[in-house]
1. From the helices alone, meaning DSSP H stretches of at least four residues, give me the mean residue ellipticity at 222 nm for the chain, per-run term -39500 (n - 2.57), in deg cm²/dmol to the nearest 500.
2. Measure off 7 Å from each Cα along the Cα-to-Cβ vector at residue 303 and residue 162, then give the distance between these two points in nanometres to one decimal.
3. Between residue 256 and residue 289, what is the label-to-label distance in nm when each label sits 7 Å out along the Cα-to-Cβ direction?
4. Using bins 10 angstrom wide from zero, how does P(r) for the stretch 95-165 break down, in % of all Cα pairs?
5. Could you check what % of the DSSP bridge pairs in the stretch 171-327 are antiparallel, to the nearest 5?
6. Using a Cα-Cα cut-off of under 25 Å, which lysines could be cross-linked to residue 253, ignoring same-chain neighbours fewer than 8 residues away?
7. In whole percent, what relative contact order does the stretch 29-323 give with Cα contacts below 8 Å and a gap of six or more residues?
8. Need the full-extension length gain, residue 266 to residue 46, defined as separation in residues times 0.36 nm minus the C-alpha distance. One decimal, nm.
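No value in this document is a laboratory result; all are computed from the given coordinates. None of the values given here were measured: they were computed from a predicted structure. Reconstructed Cβ throughout: ideal geometry from the backbone, glycine too, with neighbour counts over all protein chains shown.
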Amino acid sequence: MLVGVLAVFAFVAALSWPDRSSHQQQQPAARKLGLHVSGREVVEGDGSPFVMRGISHPYAWMQDQRQAFADIKRLGANTVRVVLTRQTTAPEVADVVATCKQQKLICVLENHDTTGYGDQEGSVPLDAVTGWWAGLRDVLAGQEDYVVVNIGNEPYGNSGTEAWTAATKAAVRKLRDAGLRHLLMADAPNWGQDWSGVMRDNAASVLAADPLHNTVFSVHMYGVYGTAEKVTGYLDAFRRQGLPLVVGEFGWKHTDGAVADDAIMRAAQERGVGYLGWSWSGNSGGVEYLDAATGFDAGRLTDWGRRLFAHIRETAREATVFTTASR
């Protein structure tokens with residue numbers, strides 16, 4: 001989340017990407033990958049496209065708000081992005097994953113400690129969270145169908161963003177070396193908004209550096225994306241490159257200006273791009289307008305929450321891993 005929001009919220013064998021010329025023979029290997037990148041799409045283990053539709057939940061600071069998972073699902077989401085920190089323990093993460101699966105939600109786990117590194121006091125570099133993720137290897141092993149690893153939230157502010165590419169490549173390699181085979185999600189710099197184009201211009205090289213070719217990129221859309229043209233321009237830059245992208249956060253307005261939220265949802269739907277709104281509840285410090293639900297009460301959705309979940313209900317498809325009887 002941007003500045004101004006209170007964030008209340010082994011070893012891997014070398015693998016080659018499946019040979020498209022022998023698709024039938026490669027199906028078992030593809031299935032084992034779980035959620036994975038295929039061209040510019042995120043697909044499930046059986047190859048079914050999966051388009052994220054959901055919202056972030058500030059679990060790390062609001063662990064008593066467990067009803068949120070069920071409420072988010074009941075309102076139509078197929079994905080929940082769960083805020084964690086390095087203080088979140090392995091048993092707690094295991095419980096979060098189990099709860100997501102019980103509610104039939106794909107679980108995007110994100111570490112929030114990296115938020116605004118270089119600009120935000122107390123924030124840490126991506127390298128500082130890789131060991132924490134490695135420590136979750138046993139908890140996350142076997143959950144590749146259900147879990148996306150969002151390496152670090154908004155890992156650079158507006159300072160030092162030129163280091164994003166090398167830092168992200170190094171983090172991806174360390175997670176692969178630690179045995180994590182999951183779909184990875186890499187947030188953009190510039191507080192997630194990538195106004196400098198660093199992620200846009202270097203995403204291809206980051207994806208190429210992933211031994212499993214299994215990283216999706218996440219842009220956060222706030223005031224930088226105040227017009228439909230800016231929204232579609234950014235999404236289409238990734239389309240032209242054939243790269244996978246999600247809108248990992250967005251709101252309807254923010255301290256840096258109005259947000260073209262209707263255009264974000266419309267353009268994402270037209271292009272098969274996932275999106276995750278910010279956020280379920282718990283914002284403070286003057287940005288309570290970003291709460292989708294007042295006081296974590298699903299019966300008191302805000303204008304923002306009603307608009308967001310109306311579009312989610314119209315467009316979300318539950319992951320087939322939850323709907324296929326043979327699994």
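1. That calculation yields -10000 deg cm²/dmol at 222 nm.
2. Here the modelled spin labels are 4.3 nm apart.
3. 1.6
4. Bins of 10 Å from zero give 19, 42, 26, 12, 0 percent of pairs.
5. Once the DSSP bridges in the stretch 171-327 are tallied, antiparallel ones form about 20 percent.
6. Leaving aside lysines fewer than 8 places away in the same chain, those within reach of residue 253 are 73, 230.
7. 21
8. 76.5 nm
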